[in-house]
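Visitor: Can you keep this structure in mind? I'll have questions shortly.
The values are calculated or read from the model by the stated rules, or taken from the named source; none is laboratory data. Keep in mind the model is a prediction, meaning the values are calculated, not measured. Methodologically, a virtual Cβ is constructed for each residue, glycine included, from the backbone with ideal geometry; neighbour enumeration extends over all protein chains shown. These area figures cover heavy atoms from the full protein model, side chains too; ligands, DNA and RNA do not enter into them. Shrake-Rupley method; radii C 1.70, N 1.55, O 1.52, S 1.80 Å.
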Amino acid sequence: MTHSLMLPSRNISSHATFFILLGIPGLENYQFWVAFPFCVMYIVAVTGNITILHIIRIDHTLHGPMYLFLAMLATTDLILSSSTQPKMLAILWFHDHKIEYHACLIQVFFIHAFSSVESGVLMAMALDRYVAICFPLRHSSILTTSVVIKLGAAVMVRGLLWVSPFCFMISRMPFCPNKVIPQSYCEHMAVLKLVCADIRINRGYGLFVAFSVASFDIIVISLSYVMILKAVLRLPSGEARLKAFGTCASHIGVILTLYIPALFTFLTHRFGHHVPRVVHIMFANVYLLVPPMLNPIIYGVRTKQIRDRVIQGCCGKGL
């Protein structure tokens, strides 16, 4: 009897049917125009990554380790950007703020699982560059197709297994009457804040996953590039050193573009209560859109074989 009287007083809904995504709070009067650069970036991301996948698929000379990892990265970028951007554009342009409960949980899963996969693929690509530069004669024997597939599978399984409990735990928790998520997509902590229950276990698990994935990948990437730079500095040709430094700098730039906004968004949700919401939301959008847009340019256009294929295709169409 007492229990039945307590539930109405707290207005807890055991299963939410939908949530409301606000978009970009603080820029309500400008959201229509802000959507245009987001749309352009999304189109560039989709076009660039599909082009990379198509070129690697049709050219059998591009089936080496670096290109297989690049294909994994392009696939991950397509999934990551497409899981959020169409809905975000619908919010900003057509005021379609409602998102169904299960669609929201699916978005949470895809965002976090494939952010982990992207981080893992970048780590694998750093290892590939390390082996290629430091052990050039043994590269093909160390990173065989079988090893590349196993690395890719391990990265994928890690993302799926680590993130799946997010959705499982949230789906079993009661929600408060407030269904408003003050951003443009469903993210784990944003959804968790709507739960009317003790969320310490969820928060702790989220911290564990974020820091275990990021710290492991960053350590491996950092060690790989330290060894690469040591090998580059031993090159006799100044031109060769400059070219290698340029390649490393561009790759590190892409890695930082992923990690800095991701960590900023993650930490702001938990500790950055004084960070302006509009800054938080813009960073949250950046880390899901800018890397998928930049990766085809940095890893694709700067790779001679892919660049030649793109130019050949464009010239062929021109003729």
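Visitor: Count the net charge of all other residues whose Cβ sits under 14 Å from the Cβ of Ser83, scoring Lys and Arg as +1 and Asp and Glu as -1.
Guide: Its environment carries a net charge of -2.
Visitor: Let me ask you something else. In percent, how large is the relative contact order of the chain, given Cα pairs closer than 8 Å and 6 or more residues apart? Don't skip to the end; give the middle numbers.
Guide: On the way: 348 pairs, mean separation 91.2, N = 319.
Here the relative contact order equals 29 percent.
Visitor: If you don't mind, there's one more thing I want to ask. Work out, in µm²/s and without decimals, the Stokes-Einstein translational diffusion coefficient of segment 149-268 at 4 °C, 1.567 mPa s, Rh from Kirkwood over C-alpha pairs.
Guide: Estimated diffusion coefficient is 74 µm²/s.
Visitor: Also, quick follow-up: Volume per residue, Å³, of the convex hull around the alpha-carbon atoms of segment 255-294?
Guide: Dividing the Cα hull volume of segment 255-294 by its residues yields 50 Å³.
Visitor: Starting from the Kirkwood Rh over alpha-carbon pairs, what translational D in µm² s⁻¹ does segment 19-173 have by Stokes-Einstein at 4 °C and 1.567 mPa s?
Guide: The Stokes-Einstein estimate is 73 µm²/s.
Visitor: Kirkwood Rh, segment 119-206, all Cα pairs: how many Å?
Guide: On the way: mean 1/r = 0.0620 Å⁻¹.
In segment 119-206 this quantity evaluates to 16.1 Å.
Visitor: Where does the chain land at 222 nm, in deg cm²/dmol rounded to the nearest 500, when only DSSP H runs of n ≥ 4 count, each adding -39500 (n - 2.57), divided by all residues?
Guide: That calculation yields -25500 deg cm²/dmol at 222 nm.
Visitor: So what is the diffusion coefficient of segment 77-164 in µm² per second by Stokes-Einstein at 10 °C and 1.306 mPa s, using a Kirkwood Rh over Cα pairs?
Guide: Using the Kirkwood radius from Cα pairs, D works out to 105 µm²/s.
Visitor: For the chain, build the charge dipole from Cβ charges (+1 Lys, Arg; -1 Asp, Glu) around the Cα centre, then report which of Ser164, Leu229, Asn178 sits farthest towards its positive end.
Guide: It is Leu229.
Visitor: If you build the convex hull over the alpha carbons only and average its shadow over all orientations, what do you get for segment 128-173? Give it in nm² to one decimal.
Guide: Its Cα hull, projected and averaged over all orientations, spans 3.8 nm².
Visitor: Rank these residues by their accessible area, most exposed first, probe 1.4 Å: Arg129, Arg200, Arg307. Please list the in-between numbers first.
Guide: On the way: Arg129 55, Arg200 175, Arg307 85 Å².
Ranked from most to least accessible, the order is Arg200, Arg307, Arg129.
Visitor: Separate question: Quick one: which residues, 5 or more positions from Phe18 or on another chain, have an amide H under 5 Å from its amide H? H modelled 1.01 Å from N in the peptide plane, none for Pro or chain starts.
Guide: The answer is Tyr101.
Visitor: If you don't mind, there's one more thing I want to ask. Could you give me the percent of Cα pairs per 10 Å distance bin for segment 62-109, shortest bin first, beginning at zero and ending with the bin that holds the maximum distance?
Guide: Histogram of Cα-Cα distances, whole percents per bin: 23, 37, 22, 15, 4.
Visitor: Can you give the accessible area of Val195 in Å² (nearest 10), computed on protein heavy atoms with a 1.4 Å probe?
Guide: Using a 1.4 Å probe on the heavy atoms, I get roughly 10 Å².
Visitor: I've got another one for you. Counting Lys and Arg as +1 and Asp and Glu as -1, each charge on the Cβ, what is the dipole of segment 177-315 about the Cα centre in debye, to the nearest 20?
Guide: 180
Visitor: Can you give me the solvent accessible area of Ser222 with a 1.4 Å probe, rounded to the nearest 10 Å²?
Guide: Surface open to solvent at Ser222 totals about 60 Å².
Visitor: At 1.4 Å probe size, what's the solvent-accessible area of Phe94? Round to the nearest 10 Å².
Guide: Rounded to the nearest 10, the figure is 150 Å².
Visitor: Between Val275 and Ser140, what's the calculated FRET efficiency when r is the beta-carbon distance and R0 is 35 Å? Round to 0.05.
Guide: The computed FRET efficiency comes out at 0.15.
Visitor: Next question. Tell me the per residue accessible area of the chain using a 1.4 Å probe; a whole number in Å² is fine.
Guide: So the chain comes to 50 Å² accessible per residue, rounded to a whole number.
Visitor: Okay, next question. Under the 0.36 nm per residue contour assumption, what length would be gained going from the current alpha-carbon distance of Ile218 and Phe36 to full extension?
Guide: Full extension from Ile218 to Phe36 adds 62.2 nm.
Visitor: With just the Cα atoms of the chain, tell me how far they stretch along each of the three principal axes, in Å, largest first.
Guide: If we take the Cα atoms of the chain, the spans are 80, 44, 36 Å.
Visitor: On a 0 to 90 degree scale, rounded to 10, what angle separates helix 277-295 from the longest Cα axis of the chain?
Guide: 30
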